[in-house]
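The values are calculated or read from the model by the stated rules, or taken from the named source; none is laboratory data. No experiment lies behind these values; they were computed from the predicted model shown. Virtual Cβ from ideal backbone geometry, glycine too; neighbours counted across all protein chains shown. Note: accessible area is taken over every heavy atom of the protein model, side chains too, but ligands, DNA and RNA are not part of it. Shrake-Rupley method; radii C 1.70, N 1.55, O 1.52, S 1.80 Å.
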Amino acid sequence: MHKFSRRHFFKATAGIGATVSLFLQQKVHAQHRGAIILCSRGEAWGRKVLQPAWDVLAQSNNILDAIETGTNVVELDPDDMSVGYGGLPNEEGVVQLDASIMYGPTHRCGSIACLENIKTPSSVARLVMERTDHIHLVGEGAKRFARMHGFREENLLTDKARIAWLKWKENLSDADDWLPPAEGEYAEERTNGTINVLGISADGAIAGITTTSGLAWKIPGRVGDSPIIGAGLYVDNEVGAAGATGRGEEVIRMCGSFYVVERMRAGLSPQEACEAACQKIIDINGGPAKVNFNDKFIAVNKKGEVGCASIQAANGQEPELSYISQNGFQVVKGRHLLD
Ligand code: ASP
């Protein structure tokens, strides 16, 4: 019979894990240049997200607390229409959120998908990682799990997002019974968004979060790349971390963030690795002429070097990321591959 229970197994191996993790941390520590937190946004959101994250890191040296704090800022802000509260809904007007988190020293991760009515999906993903033996919870089960942990159910559809959805719905087709208002209104562009927040603590622990409301007007139940470990997010304490935004289906089918981290392991810089991932997407689609969407990657290696690349320029601008370190806040421009 099973004398050695699963719980005992975890207890027994925790000691070995701690020793291995200490060894890994010491190895990493030898090569990295101090704490850094970065995100996939530029000046305005970058400062709002990274300063509180940095303050938490300075007080606690806990990289998970730090990146969760920063991420929650954008998840809770109704003005951001691509993440958390205020995110654009699915085709039925329901906001469904995806998020993931990964922690390098233990190589553990957690994620949720199609989560409704909870404002901070990254915090729920963290609890999946820390308080269950699962990695991925979806839909109703994810919501019940969140409620068990004390999260309140709230309406995530702001008026701004509801009106954008209504305009899309009313302008969708001439062959249905929805009519736009008499003065005429144009359908909103399908906006992209998502945020990746990656960080390294002073003692070399690497972690990351990706969170999103996903593709606007998506089919209910659609899961994007953001909660798929290896697609929208990947962290390896020996190498670094990467995150993706943009058309998730493309990132899923080439395991985007895992690809970026593995290219860094093979010796590429974060910038080169992000460009290689964009090129891979172009190649598997059959070349530049076939690519009418955008994806972007950001990455950091264990030395604290950063990079970002996208397939297309967004609004004529190079892709960017921002980071904060002991030298302060900085915005970094990357490179886009197709004109
Ligand atoms: N990657 C997200 C998704 O496909 C969307 C985005 O980043 O805009 O769900």
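General observations
- Total residues in segment 205-237 satisfying the condition of being open to solvent by less than 20 Å² (accessible area, probe 1.4 Å) and without any contact (Cβ under 8 Å) to a residue 40 or more places away in the chain: the figure is 3.
- Residue within segment 138-151 that is touching a Lys or Arg at 6+ places or on another chain (Cβ under 8 Å), open to solvent by 60 Å² or more (accessible area, probe 1.4 Å) and modelled with pLDDT of 95 or more present: yes
- Remark: pairs (first residue in segment 112-125, in contact (Cβ under 8 Å) with a residue 12 or more places away in the chain; second residue hydroxyl-bearing (Ser, Thr, Tyr) and part of a helix (DSSP H, G or I); Cβ separation under 7 Å; 6+ apart in sequence or on different chains) = Ser122/Thr71.
- Whether a residue is basic (Lys, Arg), free of Cβ contacts under 8 Å to residues at least 24 places away in the same chain and away from the ligand (no atom under 16 Å from the Cβ) was assessed, and Lys290 passes this test.
- Residue match in segment 186-204 (condition: surrounded by fewer than 24 Cβ atoms within 10 Å (Cβ to Cβ), away from the ligand (no atom under 16 Å from the Cβ), over 23 Å from Ser122 (Cβ atoms) and over 24 Å from the mean Cα position of the chain (by Cα)): yes
- Which listed residue is within 18 Å of Ala164 (Cβ to Cβ) and open to solvent by less than 50 Å² (accessible area, probe 1.4 Å), from Leu64, Leu57, Leu88: Leu88
- Ser257 vs. criteria within 22 Å of Ser325 (Cβ to Cβ) and more than 11 Å from the chain's Cα centre (by Cα): no
- Test for Ala161: is it within 16 Å of the ligand (Cβ to nearest atom), surrounded by 15 or more Cβ atoms within 10 Å (Cβ to Cβ) and not in a loop (DSSP other than H, G, I, E, B): yes
- Selection within segment 212-237 - within 10 Å of the ligand (Cβ to nearest atom) and in a strand (DSSP E or B): Thr212
- Those residues of segment 93-137 which are closer than 17 Å to Gly224 by Cβ, more than 14 Å from the ligand (Cβ to nearest atom) and open to solvent by 10 Å² or more (accessible area, probe 1.4 Å), in sequence order: Val94, Cys109, Glu116, Ile135, His136, Leu137
- Taken over segment 238-277, the criterion of being buried (at least 19 other Cβ atoms within 10 Å of the Cβ), of a type in the set (Lys, Arg) and within 15 Å of the ligand (Cβ to nearest atom) is satisfied by Arg247 alone.
- Those residues of segment 291-317 which are in a loop (DSSP other than H, G, I, E, B), in contact with a Leu (Cβ under 7 Å, 6 or more places away or on another chain) and either on the phi > 0 side of the Ramachandran plot or open to solvent by 10 Å² or more (accessible area, probe 1.4 Å) (or both), in sequence order: Val291, Gln312
- Flag if Ile281 is within 13 Å of the ligand (Cβ to nearest atom), more than 16 Å from the chain's Cα centre (by Cα) and open to solvent by 10 Å² or more (accessible area, probe 1.4 Å): no
- Selection status of Met264, in a loop (DSSP other than H, G, I, E, B) and either of a type in the set (A, V, I, L, M, F, W, C) or touching a residue at least 40 places away in the same chain (Cβ under 8 Å) (or both): no
- Pairs meeting the criteria (first residue in segment 136-156 and within 15 Å of Tyr85 (Cα to Cα), second residue in a loop (DSSP other than H, G, I, E, B) and among the β-branched types (Val, Ile, Thr), beta carbons under 6 Å, at least 6 apart or on different chains) are Phe151/Ile118; Leu156/Val95.
- Members of segment 318-338 found to be open to solvent by less than 20 Å² (accessible area, probe 1.4 Å) and assigned to a strand (DSSP E or B), listed by number: Leu321, Ser322, Ile324, Ser325
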